[in-house]
Amino acid sequence: MPADFDTIVNLAKRRGFVFQSSEIYGGLRSAYDYGPLGVEVLRNVKDEWWRSMVRLRDDVVGLDSAILQSPEVWVASGHVSSFSDPLVECRECNARHRLDKLTNPDQCPTCGNSDTFTEPKEFNLMFKTHMGPVESEDNQVYLRPETAQGIFINFENVRRTARMKLPFGIAQIGKSFRNEITPGQFVFRTREFEQMEMEYFCHPNDAAEKFQEWVDLRHEWYLDLGMNPDNLRLRAHEDDELAHYAAGTYDVEYLFPWGWDELEGIANRTDFDLKAHMERSGEDLSYFDQEADERFVPYVIEPAAGATRTTFAFLIDAYTEEEVDGEQRIVLKLDPRLAPVKVAVLPLSKKPDLVETTQKVARAVRGRWATEIDITQSIGRRYRRQDEIGTPYCVTVDFDSLDDDQVTVRDRDTMAQDRVPIENLETYLAERLP
Ligand code: ATP
């Protein structure tokens, strides 16, 4: 059973994972700021993705392309003509809705009235702005609605300079912007968000096999980071759901508090994008296979995930309420690789010599793991605070530590405690932490 939505949102706000953008001005809807803990989890999610997609592979390289690109890119990709959602407006209450996301297409979920919708209009989701001091049609540019096109337009640059041979991939993490009709469910659907996308180029004959490989690998990635298999599923797109360019798509879906919803799409995009850019730019983006003496336009397999949405899903999945000795305990059972703080060092009291030893202990480990010192309130309260943000290890410095140079290390999940000599602490933690 997934955690209750409000509980997670409250925890995220209360503990400084996520703040509403521009809160002191009443808040800007559908944009969020990641606080001290949130930025660490988000970064850990992105680092794990980058590690598995780029660092651990010979056949994938990275890229960081610009958010602002030639408007021609978005004409070629089809975003100018068809990156839109069907918008309806309620004549009673003026609420706007995305028609394809309504459970009942005839009833307004805001005011409850039936048959009050206007005819659906296609609403383009790209944010527009102007480049340079003059606001005219000629210098209109878009904020990118996906990171993928930045990869396609650099296909030849990367292939040539990194001397890549097919099959190979180009991966990118970055911000994307969509003027969503109905943002909502906290950071699940926002107008500014972060994506993690990879385009894997291959011979057309290999595309079906590579597609299946990437579907399995991406599914595995979430499970390896500790996501509950009962809350994760792969769903193949029906024929009528497939994007016009795709030969096949699977969504990785998570069981959110409101039901199954998308974390990532893995699509066989065929040669649609490279061909579209060849046609519009006039540049040759085909590939020559010397061994086979064959020239062709590669097919592309694309795993496209959302970093911010995935971070939210990991938080929901990790949230646990347990009863310990008749008391309720809230614990975020995040995989240690994703936990925002890995080690908390807690002096039993505020006495200066205990605090001094605490600082010495923290200095010894903080170069390697995200470490926090927490001095205020009772030790029980502090354990609970650390459990609630998912800190895997709490190290307590007590009065005996001053004599025996040992500390007590408490495990978040088992709550078992070990007495460890300070000089062995790093080795002890290294056996348990990434
Ligand atoms: P949806 O159907 O939910 O609008 P999509 O199928 O258009 O999403 P893609 O274009 O496949 O999404 O984008 C890839 C990933 O980027 C999504 O799986 C999601 O994780 C993330 N993403 C897309 N739109 C948003 C958004 N508005 N807010 C947060 N993450 C998003």
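The values are calculated or read from the model by the stated rules, or taken from the named source; none is laboratory data. Note that the structure is a prediction, hence the values are computed from the model and not measured. Neighbour counts are summed over all protein chains in view; Cβ atoms, including those assigned to glycine, are modelled from backbone coordinates with ideal geometry. For the accessible areas, the whole protein counts, side chains as well, though only heavy atoms, and no ligand, DNA or RNA atoms are used. Shrake-Rupley method; radii C 1.70, N 1.55, O 1.52, S 1.80 Å.
Table for the structure above
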item	result
Strands (runs of 3 or more DSSP E) lying entirely in segment 138-224 (those with 1 or more residues that are within 25 Å of Ile8 (Cα to Cα))	168-177, 192-202
Hits in segment 175-198 (condition: within 6 Å of the ligand (Cβ to nearest atom) and under 19 Å from Phe17 (Cα atoms))	Arg189, Thr190, Phe193, Gln195
Which listed residue, of Asp293, Asp271, Asp325, is among the charged types (D, E, K, R) and either closer than 27 Å to Asp216 by Cβ or in contact (Cβ under 8 Å) with a residue 60 or more places away in the chain (or both)	Asp271
Those residues of segment 364-382 which are under 28 Å from the mean Cα position of the chain (by Cα) and either part of a helix (DSSP H, G or I) or of a type in the set (D, E, K, R) (or both), in sequence order	Val365, Arg366, Arg368, Glu372
Filter result for the condition that a residue is within 16 Å of the ligand (Cβ to nearest atom) and either crowded, with 21+ Cβ neighbours inside 10 Å or in the same structural domain as Ala207 (by TED's automatic domain parsing) (or both), over His244, His277	His244
Residue satisfying condition, being within 16 Å of the ligand (Cβ to nearest atom) and not charged (D, E, K, R), within set Thr320, Thr310	Thr310
Verdict on Leu429 being touching a Phe, Trp or Tyr at 6+ places or on another chain (Cβ under 8 Å) and open to solvent by less than 30 Å² (accessible area, probe 1.4 Å)	yes
Looking only at segment 78-103, and only at residues there that are among the acidic types (Asp, Glu) and farther than 30 Å from Leu274 by Cβ, the one that is least open to solvent (accessible area, probe 1.4 Å)	Glu89
Residue among Ile301, Ile266 that alone is more than 13 Å from the ligand (Cβ to nearest atom) and either outside the structural domain of Ser176 (by TED's automatic domain parsing) or surrounded by 15 or more Cβ atoms within 10 Å (Cβ to Cβ) (or both)	Ile301
Residue within segment 56-71 that is closer than 18 Å to Gly306 by Cβ, of a type in the set (Asp, Glu) and assigned to a loop (DSSP other than H, G, I, E, B) present	yes
Residue check, Glu283 more than 17 Å from Met164 (Cβ to Cβ), in contact (Cβ under 8 Å) with a residue 24 or more places away in the chain and open to solvent by 70 Å² or more (accessible area, probe 1.4 Å)	yes
